[in-house]
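The values are calculated or read from the model by the stated rules, or taken from the named source; none is laboratory data. Since we're looking at a predicted model, the values are computed, not measured. Every residue, glycine as well, gets a Cβ built from its backbone with ideal geometry; the counts of neighbours run over all protein chains shown.
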Amino acid sequence: MGAGRRAGSTSNGGRRPASGSRPREPGPHLPPAAGRPHLIGTMPAAQPSLFEAPPPALPARAPEGLAYRPDFLTAAEEADLLDRLSRLPFEPFQFRGYEGRRRVVSFGWRYDFNGPGLVEAEPMPGWLRPVRDRAADFAGLPPEAFGHVLINEYREGAPIGWHKDRPVFEKVAGISLGAPCVMRFRRRAGERFERLNVPLAPRSIYLLDGPARTEWEHSLPEAKALRYSITFRNLRAR
């Protein structure tokens, strides 16, 4: 488990569905960014300075199973990733005939909301695998457990509504790049909702596990500036 703050404990990692085919071994998807070395994986996770303020704690009522680390990437790593993400083949998010304002691309596995559900996608690009490995360590999973990655592009004005991730997935680890945002949580308590907000800083990572994953819904307000998220998920054991 990484060094982030966690509310509650985590469960064991999931496995791929027995009936699904395993995506082929990935290779490099994009060349290194022009004029800049491949930064991801060449340096350890960012370490806070002794003279910086301590990372903000999670809210006192944070959902059990929520973990957060604000310094998961360095500024140089973020810049390298943003350059690579800007060249990916994003498409508008589709949900049962509805087209969302965010754009997405998936690797490893892809969830088709208009069809059969979980289907095989293009292999995870080689430059993303070191990030996947570090995210898996933060989640307490072996690297190969995170076989699915969804990358979201939130342009100004793009939100994401209230939802829980699909039951086929177990743990969810999300990395924020670009503009900051606030992740909103809610859980029904009688006739009302219990609510709280968690700021997501650029270069941070969060983990949803346990009740934070299964009992609480989450959403994002409209983006105030361009933001990307890299979200890794493992498949729930059957």
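Data for the structure
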quantity: Residue identified as in contact with a Gly (Cβ under 9 Å, 6 or more places away or on another chain), outside any loop (DSSP other than H, G, I, E, B) and not charged (D, E, K, R) among VAL172, VAL182, VAL149; calculated: VAL149
quantity: Test for PHE169: is it surrounded by 15 or more Cβ atoms within 10 Å (Cβ to Cβ), at pLDDT below 95 and more than 13 Å from ALA223 (Cβ to Cβ); calculated: yes
quantity: Selection within segment 204-227 - of a type in the set (Ser, Thr, Tyr), in a strand (DSSP E or B) and closer than 18 Å to PRO70 by Cβ; calculated: TYR206
quantity: Residue match in segment 180-199 (condition: in contact with a Cys (Cβ under 6 Å, 6 or more places away or on another chain) and not aromatic (Phe, Trp, Tyr)); calculated: no
quantity: Condition check for GLY174: within 12 Å of the chain's Cα centre (by Cα), surrounded by fewer than 22 Cβ atoms within 10 Å (Cβ to Cβ) and either over 19 Å from PHE90 (Cβ atoms) or modelled with pLDDT of 95 or more (or both); calculated: yes
quantity: For SER86: the one exception among (1) modelled with pLDDT of 50 or more; (2) over 20 Å from the mean Cα position of the chain (by Cα); (3) polar (S, T, N, Q); calculated: (2)
quantity: Pick from segment 119-144, criterion touching a Leu at 6+ places or on another chain (Cβ under 8 Å) and of a type in the set (A, V, I, L, M), ranking: nearest to ALA67 (Cα to Cα); calculated: ALA139
quantity: Qualifying residue in segment 105-126 (condition: in contact (Cβ under 8 Å) with a residue 60 or more places away in the chain, among the small types (Gly, Ala, Ser) and over 20 Å from ALA173 (Cα atoms)); calculated: no
quantity: Positions within segment 67-87 being in contact (Cβ under 8 Å) with a residue 60 or more places away in the chain and of a type in the set (Gly, Ala, Ser), in sequence order; calculated: ALA67, ALA75
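Condition check ((1) exposed (fewer than 14 other Cβ atoms within 10 Å of the Cβ); (2) outside any strand (DSSP E or B)) across all residues:
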residue	(1), (2)
ARG187	no, no
ARG195	yes, no
VAL198	no, no
PRO202	no, yes
SER229	no, no
ARG238	yes, yes
